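Rule-based calculations on the coordinates, nothing more; no lab input. Please read all numbers here as calculations on a predicted model, not as lab measurements. Cβ coordinates were reconstructed from backbone atoms using ideal geometry, including for glycine residues, and neighbour counts include every protein chain displayed.
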Amino acid sequence: MKRTRHPLRMALGTYLPILLIVLFAIGPYLWTFISSITPETDLYRAEFRFFPEHPTGENYSRLFTKLDFTSNILDSLLVALFTALLGLGITVPASYSFSRFKFKGRNPLLMQFLIINMFPIMLLIVPLFVMMRIVGIMDTHFALIIAYSTFTIPFSTWMLTSFFNAIPLDLDKAAQIDGCSRIGALVRIIIPVAMPGIVSTGIYIFITAWNEYLYAAILTSSKVRTIPIALQNMIGEFRIEWGLLTAGGIISALPVIILFFFIQKQLITGMTAGAVKG
Amino acid sequence: MGQPPLRKKRDLLPYALVTPALAITIAIIFLPMFQTITYSFSQYILYKPQEKGFIGFENYKTAFSDPLFASSLIHTFVWIVSIIVFQFLLGFATALLLNRRFTGRGIARSLILVPWVTPSVITALMWRWMYDGNHGLINQLLAKFGLIKEFIPFLAQTSTAMGSIIVALIWQGFPFFAIMLLAGLQAIPDELYEAAEIDGATKTQRFFNVTIPMLKPVILTTILLRTIWVANSLDIILIMTGGGPGYSTYTLPVYSYIKAYKGMDFGYSSTIAVLLTILLMLIVTGYVRNILKSQED
């Protein structure tokens, strides 16, 4: 619908509401950022100031000097990275199979991955805790990687199957005529073509693992401490150091938001493909 | 889906490719799930190992006469319905606006997505700080504009705690609605609108007779996905209020979590989890059946 609108109507009918919604979406971040560069004492002053008189990076430096935030970042990085690699390693072949072959039990199997995606986390967390205590992997990175796979594997299977389905079958056939085995076709033709989708899915797994809190709170304690747990621990019994917390929040949310901007197009395509087609 | 098979010959390759995913799923999802069902019929309190054992439906009987279970159930419904309704309305309005052509649309779309990728812990902390009863931004602004005389302890009083957390969750989830509905809007062919316009349909008529029916599948799918997600989400509640003040922000997952984490009562916690799952499955099947029915009409 190409139609020129009256500028005033455009301003009031489109720009103003969009501006309000954008403000609602990023307002909490702006305030968190402002708080993070405000000296701790100024945060609790009686008279209210929107911007600090003397902006400071002190909260950020305290995170790394007074607290062990570097090791929290490393823990999160390690867990998120390996969760993504494990998830992709397992679901790329499975999704290829779902997309390319018709076999007995295919539909129920695929359905099963959709249904387990709906299970409440509380259905799994207690037995996983008991299991990991018995095996003796409590408070390790491995425990979290396993726990996170409970939601990344079903999700990733669906996403990747949808990406593979978008690749024309002729490509496989051409590869086979050229003498590729089916595995050869997957490795040499399909994976490279599907790479944007695979990378986006991997990054999405990375983001969800990076953000996860509940499993980490139950399965880890002192040796492994991911960022969400470290932030939660900063909430003291009587006092909350909001300067530190807001700085930590900004540092941990920033990489996720930046990564997300790179993959948003791919991700949305993959997620809406099923829903829009109906 | 819907693609012809590469080969019809019976062979094991497709199964071999699926096996690792399936094996892991069985080990870390299905086995634990059955374990939880077993626990739900057992007395299992971590610090009372001698008393561990099968007790039949005892935990379920307890749940049905437990006032805290009843109030958590009610909170769960309030939680789901209010969040989904507002996320949908706000998300739909956003999608309609983003579907128009204007300068800066790409940037606006990206910024609006930001809440959706925000870690739950950060969402909870940011809003907790803004709601703060002594120095929070919301109180400061309300006072500045003369709307309140005394600061409101949003998260510390039973009358406002639930509503305040609901707002935080609406914030986090409305972009998902916006983006799904926007994709749906963009998939509606322009010809449909043009044809309706030629037939003399007004703007409102076009909205209700073209946009809404065409968007229905996306709306229904998105609502279903979000309902499941919202029903299960508990981390934001845990961090913002921990279920309090009193038990005013207890939902079923929160109750189950606190029973397991603080009470170490794995049996009863599992019972609540199983009941929650049954409830969700009922909602989902009822919902899917309704969709199928409405598509037949």
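Structure notes:
- Placing unit charges on each Cβ (+1 for Lys and Arg, -1 for Asp and Glu) gives the protein assembly as shown a dipole about its Cα centre, and among B:Gly133, B:Leu147, A:Met122 the Cα reaching farthest toward its positive end belongs to A:Met122.
- The per residue volume of the convex hull around the alpha-carbon atoms of chain B is 232 Å³.
- Local electrostatic count at A:Tyr60 - Lys and Arg +1, Asp and Glu -1, tallied over other residues with Cβ under 15 Å: -2
- Other residues with beta-carbon under 11 Å from the beta-carbon of B:Asn59 carry, at +1 per Lys or Arg and -1 per Asp or Glu, a net charge of -1.
- A:Glu40 sits among other residues whose Cβ lies under 15 Å from its own Cβ, and their net charge, with Lys and Arg +1 and Asp and Glu -1, is 0.
- Relative contact order (%) - region A:62-277, alpha-carbon pairs under 8 angstrom, separation at least six: 33
- Residues whose amide H lies under 5 Å from that of B:Ile148, counting only those 5 or more places away or on a different chain, are B:Ala143; hydrogens are built 1.01 Å from N in the peptide plane.
- From least to most packed, judged by other beta carbons within 10 angstrom and beginning with the fewest, B:Trp116, B:Trp129, A:Trp242 follow the order B:Trp116, B:Trp129, A:Trp242.
- For region B:191-197, Karplus couplings with θ = phi - 60° (6.51, -1.76, 1.60), whole Hz, Gly/Pro x: 4, 4, 5, 4, 4, 5, 5
- When the P(r) is computed for region A:165-242, the part past 21 Å accounts for 56% of the Cα-Cα pairs.
- Derived scalar couplings ³J(HN,Hα) [region B:105-117; Karplus, 6.51 cos²θ - 1.76 cosθ + 1.60; whole Hz; x for Gly, Pro]: 5, x, 5, 4, 4, 5, 5, 5, 6, 3, x, 5, 8
- Degrees between helix A:242-277 axis and first principal axis of chain A (Cα, 0 to 90, nearest 10): 30
- Per-residue Cβ neighbour rank within 10 angstrom, fewest leading, B:Leu215, B:Leu31, B:Leu155, A:Leu8: A:Leu8, B:Leu31, B:Leu215, B:Leu155
- Projected onto its three principal axes, the C-alpha set of region A:62-277 covers 68, 38, 32 Å, listed from the longest axis down.
- Placing unit charges on the Cβ atoms only, positive for Lys and Arg and negative for Asp and Glu, gives chain A a dipole magnitude near 1280 debye about its Cα centre.
- Region B:165-297, relative contact order [Cα under 8 Å, separation at least 6], %: 18
- Neighbour counts of C-beta atoms inside 10 Å place A:Ser95, B:Ser233, B:Ser110, A:Ser71 in the sequence A:Ser71, B:Ser110, B:Ser233, A:Ser95, starting with the fewest.
- Helix A:141-165 axis, angle to chain A major axis (alpha carbon atoms, nearest 10°): 50
- Counting only Cα atoms, the size of the protein assembly as shown along its three principal axes is 77, 76, 50 Å, in decreasing order.
- Scanning residues 5 or more positions from B:Ser42 or on other chains, those with amide H under 5 Å from its amide H are B:Ile55, with H placed 1.01 Å from N in the peptide plane.
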